[in-house]
Amino acid sequence: MAGIEVRDLSHRYPGAKELTLDGIDLQLADGEAHAILGGSGTGKTTLLNLLAGLLVPERGSIKFDGRDVTGLSGAQRNVAQVFQFPVLYPSLDVTGNLEFPLRNRGWSRQAARTRVLEVARLLDLEALLDRQPAGLSLFEKQLIAIGRALVRPDVAVVLLDEPLTAVEPATKWRLRRALKTVQTELGLTMVYVTHDQTEALTFADKITMLHEGRVLQTGTPLEFYERPAHQIVAHFIGSPGMNLIDAHVSAGALHVGDISVGPVSAAPGPCVLGFRPEWAEIGEVGIPVTVQSTRVTGTEEGVAVGLVAAHLGDQVVYTRQVLGGSLDHDARLRIDADRLIVFRDQHRFDHD
Amino acid sequence: MVDPVDDRRKAHWSLYVYCVYLLLPLYWLVGMALKTNQDIVGKFEVVPGNPTLANFAEIFTNPVWYQAFGNSLTYVTINTILSVAVALPAAYAFSRYRFLGDRQLFFWLLTNRMAPPAVFLLPFFQLYSAVGLFDTSIAVAVAHCLFTVPLAVWILEGFMSSVPRELDEMAQVDGHSFGYFFFRLFIPVIRGGIGVTVFFCFMFSWVELLIARTLTASEAKPIVVVMTRTVSASGLDWGVLAAAGVLTIVPGLAVVWFVRRHLVRGFAMGRV
Amino acid sequence: MIKGVSNNRAWLAVVPVVLVVAFSAVVPLMTVVNYSVQDIFDVDTRLFVGLDWYRETLRDPRFIDALLRQVTFSATVLVIEVPLGIWIARALPRDSRATSAFLILLAIPLLIPWNVVGTIWQIFARPDIGLLGVSVAALGISFNYTGSSVDAWITLILMDIWHWTSLVALLAFAGLASIPSPCYQAAMLDGASTWQVFRYVELPRLKSVLTIAVLLRVMDSLMIYTEPFVLTGGGPGNSTTFLSQYLTSMAVGQFDLGPAAAFSVLYFLLIVLLCWLFYTSVMRSEADG
C-alpha cells in the first residue's frame, strides 16, 4: 500500500477545448479510504483513470510513496480497479478469476491458491470458489471483482469506480460493509469514486468533492458536514442539504432582512447564510416564516420529530426538529447563532 | 463518456497487407471494365493502355441490362423488407421469452440455408409455377427469405437482447399499449440493428444466382442472370461483364455506407 | 445468459417467420424426398424403388471422391478464414474515421455476385493476362490453374479466402466492438498479456458471433457451386468437382432425377448433421459455463 500525492493535475481530452480536470491537488495517506464525490461530468472518472494510468495527464504529476508514476502504465504502477459493472473473465471459474492477477505475476499455483483462500474467507466467498461466473448474481459477481482487486497483497492502491451502481439496491449495503471491513482490516489505500453522498460519507476517511474539473473541498466527512467550503458542497451534502439564504453583514452582525441572527467578524455587505436543518428551529422567536409542510420522520423520547419546510420570502428553508403544537402557519425561525456559516462568492468566509 | 486506452487502437500493419490482397482483384475487375475485349484477352497490362467507357455505355444504353438491374433491386428490396418484417416479432419473442422448442426452432430456420440448390431448384420451379408466381420478383424475394430470414432473426435478437428489459416494463407501467411500445419506443432503440440486418439481407439476396435464375425467365430476369449470358459471337464479353460487375457493387456500397456507424459500434449478441 | 419468462404464447410472434420459411422449404424438401424413392422415366411413368438410390449413391465412387474433396476444401477454408477473420477484426482500428473506410472495403467482396467473383479470379489468376498468374510466373514458378490440379486448388482457396474472410471479420468486429472497455482495463491492470486478453477477454465474448460465422461458413462452403463452376469448371479432370457440381451434372446433365434426389437428401443431411453437432456442442459448453 502506498500514500498518494497528486500535484496540479490537469487533463484535456483530444479535440476538447475545455480542460476536464484543472489543477487537481490531492494527498492520500497510506491506508486511507478516500472518496471522490461529484455529479456527472465533474471529472471524477477522469481523475480515477489518470490514477489508474489509463490516461496521460496534460500537466501535473502523480506520486506513489514519493515515486513519480505519472508516465507509467497501470500495471507498472501496481494499481487495481473495480468498475461500475462486474468485470470477470467468463471462461474462468471463480478461483481462476481470483488467481488470474497472481498467476500473471509469476506466483506459483500453491501460493496463489493460499492467497485466494485468504481473500475469499475475508469476503465470505468460499462457497463460490468452484462456480462459473455465468450463474452468479450481480452482487456475487461484483464481490468477486472486488476480491480480484484485493488479491495482490502488494497493490499500491485500489480504485473503485461507482462499484455499487449495478448491484441490486437491497444488497448495496452488504457490499459496502464488506468493502469497508476489508479496507480497514488490510489497511488498503482506496480511492472510491461516487456521486452518492451517503456512500462517500459512510465509506471514506476523507472526501474530495469535484466540480467542473476543480477541487471544491477535501476533508473528513465531519468537516464536509459541519464546515463546507463551498455553497455547492453545502447544498450537496445532507438530505435535504444545507439551507442557503440571502443575508447581509452590518455593524458586526449577520442580518436576515432586518433581524440580526448573531455576531460575525466579516466586512459589511451582502452574503449567503448557510445552516443545516438540524441547526435551526421554527417556533415563536426569530425570523418570520410561513410554514408550508411538516413531515414526521421518527420519534425521540416519545415526541414526534420531523422535517419542516417553510417559506422565507421566496426561499424555502428546512428544519429538522421536534414537531410541537406551536407550528402555526405564521411562525418564526431561530438559527443556532454558534453555527452560522457565511458564504461570499460561493466560498465559505472564515470569520474565526 | 470516457473512452480510454483500447478504444483508440490503431490499425495493425497486417491489415494493410490484407487490404492490398483485397484490392488487387478488385483493381483487376475495374481495369477489365475499362478495356476492350481484345485488350483483356490479348495482352497483359497493369494499367489499361487505351481506357474506354464503352462497356459502361453498353450497359446504360441497352434495356436488357438496365432493366435487369431494376429487377434485381426490386426483389432484393422486397426480400429485405419482408425479412425484417417477419423477423422483428420473432426476434422479440426469442429475446424476451422462453418457449417450447425455441432453440430447435432457431436451428430449423438455419437448416433451410443448408439445402443444396442443385436438386432443390426443380421443386422450387414447380412450386412457384404452381402458385402462379414464376418469373416474378416476388418469387425470388420469397425464395431468398430461406437464407435471409434466419440471419435476420439472429442479428435482431442480438440487438434486442442488449436492450434492458426495464424498457418494456417501464412502457407497461406508463400504460402504453404494446403496439405503441414496440413501434414508437422499441424499434427506434434497435434501429442500428435493423440497419445491420438490412445490410446482411441485401447482401445475401443480391449475390445469389442459382435460385434467381431458376425462378425467372424474361420479365423478372435479374442482373446476375444477364451476366451469365453475355456471350457474343467472339465468346464471352469480358469487358461488359466486368463493367456490370463493377456496377453491381454500387447499391451494396450505398447500403454499407448507411449502416457503417452501426457496424462500428457493434452489437452485443445474446443468442447462439 | 439470463433468458426471459417462459411463455408459450410467444409462438404467435414466430408464426410469420415459420410461414414464410416453410412455404419455400417444406414443399420442395418433400418433393425431393419423394423423387428419391422413385425411378422416374417421365411425368407419368414412375416406379417406387425404396432406398435403392440411396444405396447406389453411397456405393458410387465418384460421390465418395466428391465428398472427400468437399470436406477437404471446406475444412481448409474454415481453418484459414476463421482465424484470419478474427485477426483482421482485431487489427482494425477502433472508433476512428478509418474504421468505417476499412469496414466498407471489407464488405466489397461480399457484395459481388458469385459468378462475377469467379470471373474476376478466372482472369486474375491466368498466367498470360492476369496479375496474379503473371506475377507468380515472373517469380519463376510455373503456375497454371487449368492444367495443374494443385494450382487449381490454390486458386480456389485463395479466391474463397478473398471472398468470405470479410464475413468472419465483420461479424467478429461487431462482437469485439461491443466489449466494454473496462474489460480491457481490468485485464491490463491484472497484468494480462496480449494473448491472454484475446483468450480470456475477447474470445469468450465472441462465442456467439463466431458460432454464427462458423455455421454460415460451414454451410456455404459445403454448398459451393457457382465460383468453382466459373473458375475451373470442376477441372482439371475432376480435381475440383465438389458435391454440388457432381450433383448438378447428375440432375441436369444426365437427368437422373431419382439418384440425384437421393444424393441431395444425403447431402442435405450431411450438412444438417455437421451443423447440428457444432451447434449442440456450443450450446452444451454454454450450459456448462
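Any residue that is part of a helix (DSSP H, G or I) and in contact with a helix residue (DSSP H, G or I) (Cβ under 7 Å, 6 or more places away or on another chain) - is there at least one of those in the range C:41-55? Among the residues of the range C:41-55, at least one is part of a helix (DSSP H, G or I) and in contact with a helix residue (DSSP H, G or I) (Cβ under 7 Å, 6 or more places away or on another chain), which makes the answer yes.
Are any of the residues in the range B:168-189 touching a Pro at 6+ places or on another chain (Cβ under 9 Å), surrounded by 13 or more Cβ atoms within 10 Å (Cβ to Cβ) and aromatic (Phe, Trp, Tyr)? Yes - at least one qualifying residue is present in the range B:168-189.
Do you know which residues across the range A:56-70 are buried (at least 20 other Cβ atoms within 10 Å of the Cβ) and under 16 Å from residue A:14 (Cα atoms)? Once the filter is applied, which keeps residues that are buried (at least 20 other Cβ atoms within 10 Å of the Cβ) and under 16 Å from residue A:14 (Cα atoms), the range A:56-70 yields only A:57.
Can we say residue C:144 is among the polar types (S, T, N, Q) and over 22 Å from residue B:224 (Cβ atoms)? Working first, answer last.
Values: among the polar types (S, T, N, Q): yes; over 22 Å from residue B:224 (Cβ atoms): yes.
The answer is yes for residue C:144.
Take the residues in the range C:230-260 that are hydrophobic (A, V, I, L, M, F, W, C) and surrounded by fewer than 21 Cβ atoms within 10 Å (Cβ to Cβ); name whichever of them is farthest from residue C:79 (Cα to Cα).
C:255
Checked against (1) in a loop (DSSP other than H, G, I, E, B); (2) farther than 27 Å from residue A:72 by Cα, residue A:155 passes all but a single condition, namely (2). Restricting attention to the range C:76-109, the residues being part of a helix (DSSP H, G or I), modelled with pLDDT under 90 and among the polar types (S, T, N, Q) number 2.
In the range A:22-46, the residue that is farthest from residue C:182 (Cα to Cα) out of those that are part of a helix (DSSP H, G or I) and in contact with a Leu (Cβ under 6 Å, 6 or more places away or on another chain) is A:44.
Is it the case that residue A:352 is at pLDDT below 85, under 24 Å from residue A:265 (Cβ atoms) and not in a strand (DSSP E or B)? Steps first, answer last, please.
On the way: at pLDDT below 85: yes; under 24 Å from residue A:265 (Cβ atoms): yes; not in a strand (DSSP E or B): yes.
So residue A:352 passes the test.
The single condition from (1) within 31 Å of the chain's Cα centre (by Cα); (2) without any contact (Cβ under 8 Å) to a residue 12 or more places away in the chain that residue A:301 fails is (1). Residue check: is residue A:260 outside any loop (DSSP other than H, G, I, E, B), of a type in the set (Gly, Ala, Ser) and outside the structural domain of residue A:209 (by TED's automatic domain parsing)? The answer is yes for residue A:260.
Determine, yes or no, whether residue A:73 is over 27 Å from residue A:197 (Cβ atoms), more than 11 Å from chain C (Cβ to nearest Cβ), without any contact (Cβ under 8 Å) to a residue 60 or more places away in the chain and small (Gly, Ala, Ser). So residue A:73 does not fit the description; no. For the range B:112-183, the helices (runs of 4 or more DSSP H) that sit wholly inside it and include 2 or more residues that are of a type in the set (Phe, Trp, Tyr) are B:117-130, B:137-161. Criterion applied to A:127, A:149 was being within 11 Å of another protein chain (Cβ to nearest Cβ) and either of a type in the set (Lys, Arg) or in a helix (DSSP H, G or I) (or both), and the one residue passing it is A:149.
Within the range B:142-171, the residues that satisfy the criterion of being more than 14 Å from the chain's Cα centre (by Cα) and not hydrophobic (A, V, I, L, M, F, W, C) are B:157, B:158, B:161, B:162, B:164, B:165, B:166, B:168, B:169. Summed over the range A:189-203, the residues that are farther than 10 Å from residue A:35 by Cα and surrounded by 23 or more Cβ atoms within 10 Å (Cβ to Cβ) give a count of 1.
Condition check ((1) modelled with pLDDT of 90 or more; (2) within 9 Å of chain B (Cβ to nearest Cβ)) across all residues:
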residue: C:177; (1), (2): no, yes
residue: C:198; (1), (2): yes, no
residue: C:208; (1), (2): no, yes
residue: C:213; (1), (2): no, no
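Candidates in the range A:71-120 are the residues that are in a loop (DSSP other than H, G, I, E, B) and among the small types (Gly, Ala, Ser); of these, the one that is surrounded by the most Cβ atoms within 10 Å (Cβ to Cβ) is A:91.
For the range A:283-307, a residue qualifies if it is part of a strand (DSSP E or B) and under 12 Å from residue A:334 (Cβ atoms), and the qualifying residues are A:283, A:287, A:288, A:289. Scanning the range C:61-109 for residues that are under 25 Å from residue C:267 (Cα atoms), touching a residue at least 12 places away in the same chain (Cβ under 8 Å) and not aromatic (Phe, Trp, Tyr) yields a count of 13.
Looking only at the range A:1-21, how many residues end up being part of a strand (DSSP E or B), touching a Gly at 6+ places or on another chain (Cβ under 6 Å) and surrounded by fewer than 19 Cβ atoms within 10 Å (Cβ to Cβ)? Residues in the range A:1-21 being part of a strand (DSSP E or B), touching a Gly at 6+ places or on another chain (Cβ under 6 Å) and surrounded by fewer than 19 Cβ atoms within 10 Å (Cβ to Cβ): 3 in total.
Quick grid of which residues meet (1) in contact with a Pro (Cβ under 6 Å, 6 or more places away or on another chain); (2) buried (at least 16 other Cβ atoms within 10 Å of the Cβ):
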position	(1), (2)
C:28	yes, yes
C:35	no, yes
C:48	no, no
C:52	no, yes
C:65	no, no
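Among B:133, B:100, B:121, which is within 11 Å of chain C (Cβ to nearest Cβ), crowded, with 19+ Cβ neighbours inside 10 Å and either in contact with a strand residue (DSSP E or B) (Cβ under 8 Å, 6 or more places away or on another chain) or not charged (D, E, K, R) (or both)? After applying the criteria, what remains is B:121. For the range A:227-276, a residue qualifies if it is loosely packed, with under 14 Cβ neighbours inside 10 Å and under 15 Å from the mean Cα position of the chain (by Cα), and exactly one does: A:239. When C:266, C:231, C:257 are screened for being away from every other protein chain (no Cβ under 11 Å), in contact with a Leu (Cβ under 8 Å, 6 or more places away or on another chain) and in contact (Cβ under 8 Å) with a residue 60 or more places away in the chain, only C:231 passes.
Each residue in the range C:239-254 was checked for being among the hydrophobic types (A, V, I, L, M, F, W, C) and more than 8 Å from chain B (Cβ to nearest Cβ), and 2 of them qualify. Selection within the range C:179-196: residues that are polar (S, T, N, Q) and at the interface with chain B (Cβ under 9 Å from one of its Cβ atoms). The member of this set that is nearest to residue A:54 (Cα to Cα) is C:185. In the range B:15-27, the residues that are closer than 19 Å to residue C:130 by Cα and facing chain C (nearest Cβ under 7 Å) never reach a residue that is part of a helix (DSSP H, G or I) and basic (Lys, Arg) with C-beta atoms less than 9 angstrom apart, at least six apart or across chains.
The values are calculated or read from the model by the stated rules, or taken from the named source; none is laboratory data. Computed from a predicted structure; not experimentally measured. Virtual Cβ from ideal backbone geometry, glycine too; neighbours counted across all protein chains shown.
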